[in-house]
Amino acid sequence: MKSATGAVLDEARVLELAALGARVQDLYGVPVDVEWAVHDGRIAILQARPVTALPEVWNDSLRGDYLWTCANLGEAVPSVMTPATWSFAQVLARPPIGGVPTTGNIGGRFYLNLSAVFAVASALGLTGLMRRLAEHTFGRIPDDVEVPPLPLSRRATVRAALGAAVPFVRQTREYRRRIGVLLPGAPARAEELRARIAATRTPAELSALWTSDVDAFLRDDIRVYDAGAGSVVMDDAKLRRKLYALVGEADTTALMTGAHGADGDLASLGPLLGLSRLRRGEIDRATYTRLWGHRCADEYEVSVPRPAEDPTWIDRQLALDGPDPEELLHRQAIARDQARQRLLAAHPRKAARIRRELDALAEATRGRERARSEMVRGFAVLRAFVVRAGELTGADTFMLSYREILAVLDGDTRPLALIDARRAAYDRYRRTRP
């Protein structure tokens, strides 16, 4: 440490001062502004107070040299996440691979670490397969873009890959075992939890409800839905490649449509088709709200109100002009039938098998979309918890992680000192172009 006239403290004293600062911060549990003095050769702490103007940096790209992508995530997470949303996302994220993160928060946006994925694929001899899957899911990686390797030996990467594969396989099996039981009762389960959250009258009651029910709902039910939402990607890519080689891009696209089935039973189409049926008087507003009131443009962000919370939302949607989705699906069906006829004419021996594969994929896709819809409904429950916590404490709980919210509910005021800096960071990153 130097002044205009030279060194004020030697290196040993600087290290002593740094250690004292760390102890004070550990005591308060938040970044602190420390005033100190030296008297008779000893450092004395004069005052310490929480830092309220400390800028927050949300940039996990600083954690290492990796290739990150947010491609294919914009539909689900299109905006900057609040700290509350990011904390829930971390619960569901894939575990690190050999200490390397598989997901990251960069500028408040959700990113995937492709270096980790490609390192695992390379160690297991699956690089070609992973490149094809990555191209199908995220788009082609340019030839001049190198995927940085992990700072691990091949042996260490194999061990880490096997360690990461075990929970993934376990989660996939759990999804197949439980999804049929969970889905029928999912809407009622979510509505019950929302009602119980709304009925809490004190911070202690809400904290107890998290411990008894909501935490398990996040870690068990929503995690199963998440596994379903990420399924069928490999089957889709494999069948798409096969069709492309047989019939070309245009007919492949046409043949891969139709997952909604004859009854329009595809959850991702539900809100749009529901509005069309509401216009025609086939359903009423209460039915639409019950079925689709949890779906919206930024549906995984817990700070965003759901359509079910806004009495004017349906009116605004009905007032919009646009093409009739039923007519668009009809045109799509005609194009699909024509593509099937061309497939049958060109490849009569393969057409029946491909039709069965398309039907199986469509059924799996419907299951995936239903799971995703219930996952979104689950995030509406998490939103209800965060909102109620804010009502009971008076705090901007969207700017806190769920663990910090629980601490505040239990009477710990220290996390409140972080809110102003978090809000400033959130507003700053929202002004930054994606």
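Just so it is clear, none of the values below were taken in a lab; they were calculated from the coordinates. Please read these numbers as outputs of a predicted model, since none were measured by experiment. Every residue, glycine as well, gets a Cβ built from its backbone with ideal geometry; the counts of neighbours run over all protein chains shown.
Rounded to the nearest 10 degrees, the angle from helix 419-430 to the longest Cα principal axis of the chain is 40 degrees. Shown for H39, H347, H294: other C-beta atoms within 10 Å of each C-beta, ranked fewest to most, produce the order H39, H347, H294. Put simply, when 320-326, 415-421 are sorted by average Cβ atoms within 10 angstrom per residue, most first, you get 415-421, 320-326. Its Kirkwood hydrodynamic radius, worked out from the mean inverse distance over all distinct Cα pairs, puts the chain at 25.3 Å. Can you tell me the orientation of helix 154-199 relative to the chain, as the angle in degrees between its alpha-carbon axis and the longest Cα principal axis, to the nearest 10? So the helix axis and the longest Cα principal axis differ by about 80 degrees.
Ranked by the mean number of other Cβ atoms within 10 Å of their residues, highest first, the peptides 302-309, 158-165 come out as 302-309, 158-165. Summing charges over all other residues whose Cβ lies under 10 Å from the Cβ of S79, with Lys and Arg as +1 and Asp and Glu as -1, gives 0. Could you state the number of Å between the C-alpha centres of region 93-124 and region 135-208? Value for the Cα centre distance between the two parts: 13 Å.
Which angle between 0 and 90 degrees, to the nearest 10, do you get for helix 83-92 versus the longest principal axis of the chain when only C-alpha atoms count? The answer is roughly 60 degrees. Of the peptides 141-154, 59-72, the ranking by mean beta-carbon count within 10 Å, highest at the top, reads 59-72, 141-154.
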